[in-house]
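Some notes on the structure that comes next.
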Amino acid sequence: KFIREVTKMFCENYKVKQFVTYLHNYENGKYLEYAGFVKDKLIKYSENSIGWSNRDGRTKRKPVNKYRYIWRNK
């Protein structure tokens, strides 16, 4: 309920077409679906992918597959 209400309040003050967020593939995302987000697709990283590890101060680790969820303003 919190995410749904905050999304609604944010859109009342700003022109927003959509929100995009990502969850690890082991998370179920039911709270996002309840808030109006739709599971878009599974983002798969290749073996050679470095993900966000190329940024300063980031810990080197292997990227994990994630689901992308999208909420579109009506």
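Side notes on the structure shown:
- Which numbered condition Tyr26 fails, given (1) part of a loop (DSSP other than H, G, I, E, B); (2) surrounded by 12 or more Cβ atoms within 10 Å (Cβ to Cβ); (3) among the aromatic types (Phe, Trp, Tyr): (2)
- Residue that is least open to solvent (accessible area, probe 1.4 Å) [pool: residues in region 42-71 that are part of a strand (DSSP E or B) and more than 24 Å from Phe2 (Cα to Cα)]: Ile43
- Verdict on Lys15 being part of a helix (DSSP H, G or I) and farther than 9 Å from Tyr67 by Cα: no
The values are calculated or read from the model by the stated rules, or taken from the named source; none is laboratory data. Worth saying up front: this structure is predicted, and the values here are computed from it rather than measured. No Cβ is skipped: glycine too gets one built from the backbone with ideal geometry, and neighbour counts run over all protein chains shown. The area values use the complete protein model at the heavy-atom level, side chains included, leaving out ligands, DNA and RNA. Shrake-Rupley method; radii C 1.70, N 1.55, O 1.52, S 1.80 Å.
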